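A short write-up of the structure that comes next.
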Amino acid sequence: DFIIVPDGHSEQDKDFSAILEQAANDNKLLILKKELFHDIDPLNTKSPILVCPLPHIQEYNSESEMKQAIMIPFQDPSNVGAVIRSGVALGIIDFILLQESAHPFSQKAIKASAGTVFKANLKKGPSIDSLSNFMQDGNSRPLVILDATGKALSDFSFPESFILLPGVEGPGIPDTLDGIKVSIPLQNSVESFNAPVAVAIALYEYNRQK
């Protein structure tokens, strides 16, 4: 592990300044010219960057001890991070990353998650197009799908164990996918919530029922 800072960086936080000093003493502080640092800082944070190995993400299997989990199919890393943030904030730490999902440890995902991605239990899942077989293969947890055609959330009782699948923005849910479809009623002038908001509302209702 090492830390990268731009040339001329001035740290105001005393505690973090001590960390940078220790990293320098251990030959783990890399100083780059500002132009080069900007190339690896696409979010323009202008803050020190920690370089470390990514946590290993294992494959999900039907024998997992997950009681409640959220499936993530989003290609937008900001949505991936925001959904993880909503889940962790509302008591769900288990997430299944479908093959379509953006990487949860990309900079945008980490920023949108407010760091909660490091508190989440992440597993790799299949493509959304093969979910039907995946759910039938010894999986006892019902699939709860957030979809505009489903029954109203207020009329739905969450089971003790479930896997929650937010609707995919754009292509939506495959027609062949079986599950319990649940909707969040909206005014006619609004077509849908974005995925992180819909997940947060659904999980709030789950916690209220629990």
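The values are calculated or read from the model by the stated rules, or taken from the named source; none is laboratory data. Every value quoted in this text rests on a predicted model; they were computed, and no experiment measured them. When we count neighbours, we look across all protein chains shown, and the Cβ atoms used for this are built from the backbone with ideal geometry, even at glycine. Just so you know, the surface numbers come from the protein's heavy atoms only, side chains and all, with ligands and any DNA or RNA stripped out. Shrake-Rupley method; radii C 1.70, N 1.55, O 1.52, S 1.80 Å.
Listed values, structure above:
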read-out	value
Residue selected from the stretch 148-182 under the condition assigned to a loop (DSSP other than H, G, I, E, B), among the acidic types (Asp, Glu) and more than 21 Å from the chain's Cα centre (by Cα), by the criterion farthest from LYS67 (Cα to Cα)	ASP175
Qualifying residue in the stretch 117-124 (condition: among the aromatic types (Phe, Trp, Tyr) and either in contact with a Gly (Cβ under 8 Å, 6 or more places away or on another chain) or open to solvent by less than 50 Å² (accessible area, probe 1.4 Å) (or both))	no
Yes/no for LEU50 being in a strand (DSSP E or B) and modelled with pLDDT under 95	yes
Residues satisfying the stated conditions in the stretch 116-138, i.e. modelled with pLDDT of 90 or more and not in a helix (DSSP H, G or I)	LYS119, ALA120, ASN121, LEU122, LYS123, LYS124, GLY125, PRO126, SER127
Extreme residue, farthest from the chain's Cα centre (by Cα), among residues of the stretch 25-60 that are acidic (Asp, Glu), more than 17 Å from PRO104 (Cα to Cα) and open to solvent by 100 Å² or more (accessible area, probe 1.4 Å)	GLU35
Total residues in the stretch 65-101, condition assigned to a helix (DSSP H, G or I) and open to solvent by 10 Å² or more (accessible area, probe 1.4 Å)	8
Output for the stretch 185-210, where each listed residue is buried (at least 19 other Cβ atoms within 10 Å of the Cβ) and over 18 Å from ASN79 (Cα atoms)	TYR206
